[in-house]
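Colleague: Below is the structure I would like to discuss, written out as structure tokens.
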Amino acid sequence: MTKKPINILIDTDIGGDVDDALALALALNSPELNIVGITTVYLANEWRANVTRNMLKVFGREDIPVSTGAEKPLIGWWDESRIPNSSKDFGILDGKPLPCACDYIIQTVEKYETLTIAAIGPLTNLALAIAKAPYIVPKIKIIMMGGQITKAHPEWNIVCDPEAARIVFESGAEIVMTGLDVTNRCTFTRDDIEYVKNIGNERTNLLGEMLDTFCEKFGFLPVLHDPLALSYLLWDDIMTFADKKILVETAGDYSRGLTIDCDWGDGYPVKAAIDVKPEEFKKRLLDRIIQ
Ligand code: RIB
Ligand code: CA
């Protein structure tokens, strides 16, 4: 019997690091997933939304609703220099304001029995939705790219809004956490990028352009953080997980934004990635995104 596709909402900071676009391409090309909506987060949301809508147009999926989310973290620091730039500017596609991500998340969860949320950017939208409507928590499963547990080095999605991350971790929601511990082991080479570009369809041409722009602007090859996190929904033999208890540090001169593995204490239970098969993952990712 064929399995029913998993309903997912993708919450993304697409347009900065190119891995969000790769995750979206992976999701769009995976019949195992039914994308019910995409929400953008963290600075330049309209810009990110239009990058998303352009991608949806190229992939023939303009039916997927897009919402714009929180511009700034709940409190504290943000980095204006990280305004996204790994994509062309697609402007305002039709000039109409898009729905607010926080409300869109709540309304979408209400529609489904359960909803998987692929959280591949800072967690502000999700924290706002949980704060506004805590009753959604038992119905959501969060597949998160965020944090790391083997090094005292904060990860971007958490450090951009540690208070939001804390709200999400402490909410009691079911969380599958894929952190830098494993994502940093998965990268594209220059040859992988050329391989995508040489396929020559409209979708791979767009991805190739985004990959090139990213390499040029950031000065390094893409790390496959977000598609790896999302791949948990597709393949159960790529990553190995362990039950962990996590605390999010919101204070400290050097430790703000750390996700601390607190097996000994009051940490919040998550399933955390501890190992990965990088080459097999990359092979399967490439097979899907060249479709
Ligand atoms: O630390 C990696 C995360 O930060 C990824 O989600 C990447 O897209 C960037 O947002
Ligand atoms: Ca991201």
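The values are calculated or read from the model by the stated rules, or taken from the named source; none is laboratory data. These figures come from a predicted structure and were not determined experimentally. So basically every Cβ, Gly included, is an ideal-geometry build from the backbone, and we count neighbours across all protein chains shown. Heavy atoms of the whole protein, side chains included, go into the accessibility calculation; ligands, DNA and RNA do not. Shrake-Rupley method; radii C 1.70, N 1.55, O 1.52, S 1.80 Å.
Colleague: Would you mind checking the radius of gyration and Dmax of segment 1-87 based on alpha-carbon positions, in Å?
Modeller: For segment 1-87, the Cα-based Rg and Dmax read 13.9, 50 Å.
Colleague: Antiparallel as a % of all DSSP beta bridges within the chain, to the nearest 5? Intermediate values should be presented prior to the final figure.
Modeller: On the way: 12 of 39 bridges.
Percentage antiparallel, nearest 5: 30.
Colleague: Right, here's the next one. How big is D for segment 1-150, in µm² s⁻¹ as a whole number, if Stokes-Einstein is applied with the Kirkwood radius of its Cα pairs at 25 °C and 0.890 mPa s? Walk me through the numbers before you get to the answer.
Modeller: On the way: Rh = 15.7 Å.
My calculation gives 156 µm²/s for D.
Colleague: Okay, moving on. Can you give the net charge of the other residues whose Cβ lies under 11 Å from the Cβ of LEU247, counting K and R as +1 and D and E as -1?
Modeller: -2
Colleague: Assigning unit charges at the beta carbon (Lys, Arg +1; Asp, Glu -1) and nothing else, what dipole magnitude in debye, to the nearest 20, does segment 171-250 show about its Cα centre?
Modeller: Here segment 171-250 has a charge dipole of around 120 debye.
Colleague: Follow-up. Could you list, in their original order, any pairs among LYS217/LYS271; LYS4/LYS141; LYS151/LYS245; LYS88/LYS141; LYS3/LYS111 whose Cα atoms are separated by more than 27 Å? Numbers along the way, then the final one.
Modeller: Numbers: LYS217/LYS271 34 Å; LYS4/LYS141 17 Å; LYS151/LYS245 15 Å; LYS88/LYS141 33 Å; LYS3/LYS111 20 Å.
In this structure, LYS217/LYS271; LYS88/LYS141 lie more than 27 Å apart at Cα.
Colleague: Once you charge only the Cβ atoms, +1 for Lys and Arg and -1 for Asp and Glu, what is the size of the charge dipole of the chain about its Cα centre, to the nearest 20 debye?
Modeller: 520
Colleague: Whenever you get a sec, compute what percent of the accessible area on the chain sits on carbon and sulfur atoms (1.4 Å probe).
Modeller: 52
Colleague: When Lys and Arg each count +1 and Asp and Glu each count -1, what net charge do the other residues less than 12 Å away from LEU56, Cβ to Cβ, add up to?
Modeller: Details: positive: ARG53, LYS57, ARG61, ARG203; negative: GLU62, ASP63.
Residues close to LEU56 contribute a combined charge of +2.
Colleague: Report, to one decimal in Å, the Kirkwood hydrodynamic radius for segment 6-289 based on all distinct Cα pairs.
Modeller: 18.7
Colleague: Return one whole number: the accessible area per residue of the chain in Å², for a 1.4 Å probe. Show your work: numbers first, answer last.
Modeller: Details: 12500 Å² over 291 residues.
Heavy-atom SASA per residue in the chain reads 43 Å².
Colleague: Between Rg and the Kirkwood Rh of segment 123-170, both from Cα atoms, what is the Rg to Rh ratio?
Modeller: Across segment 123-170, the Cα-based Rg/Rh ratio is 1.00.
Colleague: Sticking with this one: Mind listing P(r) for segment 95-195? All alpha-carbon pairs, 10 Å bins, whole percents.
Modeller: Distribution as computed: 14, 41, 26, 15, 3 percent.
Colleague: So how many Å³ per residue does the convex hull of the Cα atoms of segment 183-280 work out to? Present the calculation step by step, with values, prior to reporting the outcome.
Modeller: Values: hull volume 13.9 nm³, N = 98.
Enclosed volume per residue, from the Cα hull, is 142 Å³.
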